[in-house]
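The values are calculated or read from the model by the stated rules, or taken from the named source; none is laboratory data. Since we're looking at a predicted model, the values are computed, not measured. Positions of Cβ are generated from backbone atoms using ideal geometry, with glycine treated the same way; all protein chains shown enter the neighbour counts.
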Amino acid sequence: MARTPIAASLAIAASLMLGQGSSAIAADPSHPTVVELFQSQGCSSCPPANANLNTIAGRPDVLALSFAVTYWDQLGWKDIFAQPGFTQRQWDYAKATGRTNVSTPQMIVNGRGILIGHDKRQVSAFLRRYDRGSTGPTIGVGGARVTIGKGVGRPATVWLVRYDPRLRNVPIRAGENGGRTLPHRNIVRSLQPLGQWRGAAMSFPVPRSPNPGYRSAVLVQQGRGGPIIAARGL
């Protein structure tokens with residue numbers, strides 16, 4: 001995949017910024033606002049957005065997730081956390097909104113609000129604007145299963161996310177960030193579908209985590225690259 005120029009990144013994000021919106025505060029740990037950052041250790045524009053994600057990573061009302069993409073890997077430095085599936089997820093978001101390319105950095109809030117992620121004030125504004133409140137189906141956890149409650153709406157995929165919440169300082173040896181040490185938090189290590197939810201209450205088994213240091217979360221997302229209608233940490 002060809003590298004996306006920074007100018008294109010800025011233009012795309014600028015065309016999608018929708019302002020500050022509501023002044024309501026997203027502050028409900030049982031309905032966390034999902035913030036996905038698509039970034040790469042090989043991208044010199046990514047550290048500011050990465051730092052902003054790190055800042056909100058510990059908030060109980062926010063599920064902050066760092067997805068490392070692969071399309072910078074051939075440009076001098078291979079991101080040690082990048083996976084093709086994460087790149088595909090960013091492409092799903094792009095196609096869902098009619099865009100024909102992807103770029104980094106890019107934040108997506110609750111599957112709907114798209115921004116670059118450099119500006120702390122804008123990140124805060126998007127957390128308020130795209131807060132889901134208490135809408136969407138409930139997510140219950142019991143034993144090794146997760147239950148999605150009854151609701152209305154389009155069919156949705158139930159995703160299981162495993163992420164590393166620990167601070168990881170990664171020395172970058174080459175590429176645009178060569179010589180720097182970049183801090184990462186909430187690094188996504190796996191993303192897998194548990195099944196489809198179609199409005200009726202449904203229960204899904206949750207596989208055992210491959211690493212006791214990882215945390216898990218469930219996302220309920222409409223379509224491919226559609227809005228996230230429910231989320232919960234496990």
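Would you confirm, using the coordinates I've provided, whether K120 is in contact (Cβ under 8 Å) with a residue 40 or more places away in the chain, surrounded by fewer than 18 Cβ atoms within 10 Å (Cβ to Cβ) and in contact with a helix residue (DSSP H, G or I) (Cβ under 6 Å, 6 or more places away or on another chain)? Steps first, please.
On the way: in contact (Cβ under 8 Å) with a residue 40 or more places away in the chain: yes; surrounded by fewer than 18 Cβ atoms within 10 Å (Cβ to Cβ): yes; in contact with a helix residue (DSSP H, G or I) (Cβ under 6 Å, 6 or more places away or on another chain): yes.
Here the answer is yes, as K120 does meet what is asked.
Of all the residues that make up segment 149-193, how many are in contact with a Ser or Thr (Cβ under 8 Å, 6 or more places away or on another chain), among the aliphatic types (A, V, I, L, M) and surrounded by fewer than 18 Cβ atoms within 10 Å (Cβ to Cβ)?
1
What do you reckon, is S134 of a type outside the set (A, V, I, L, M, F, W, C) and at pLDDT below 95?
Against the criterion (of a type outside the set (A, V, I, L, M, F, W, C) and at pLDDT below 95), S134 qualifies.
Restricting attention to segment 23-58, which residues are aliphatic (A, V, I, L, M) and either assigned to a helix (DSSP H, G or I) or at pLDDT below 95 (or both)?
Scanning segment 23-58 gives A24, I25, A26, A27, A49, A51, L53, I56.
Among the residues of segment 58-73, write down those that are free of Cβ contacts under 8 Å to residues at least 40 places away in the same chain and touching a Gly at 6+ places or on another chain (Cβ under 9 Å).
Of everything in segment 58-73, those that are free of Cβ contacts under 8 Å to residues at least 40 places away in the same chain and touching a Gly at 6+ places or on another chain (Cβ under 9 Å) turn out to be P60, D73.
Can you name the residue in segment 98-114 that is more than 24 Å from L75 (Cα to Cα) and within 14 Å of the chain's Cα centre (by Cα) and, of all such residues, is surrounded by the fewest Cβ atoms within 10 Å (Cβ to Cβ)?
Across segment 98-114, the extreme among qualifying residues is R112.
Restricting to segment 92-113, name every residue that is outside any loop (DSSP other than H, G, I, E, B) and farther than 17 Å from L219 by Cβ.
A94, K95, Q106
Within segment 151-213, which strands (runs of 3 or more DSSP E) (wholly inside it) include 2 or more residues that are closer than 29 Å to L75 by Cβ and among the small types (G, A, S)? So that I can check it myself, show each step before the final result.
Working: elements: 156-164, 168-171, 181-184, 187-197, 202-205.
Result: empty, no element qualifies.
Considering T87, T4, T70, which residue is of a type in the set (V, I, T), part of a loop (DSSP other than H, G, I, E, B), modelled with pLDDT of 95 or more and surrounded by 13 or more Cβ atoms within 10 Å (Cβ to Cβ)?
Checking each option against the conditions leaves just T70.
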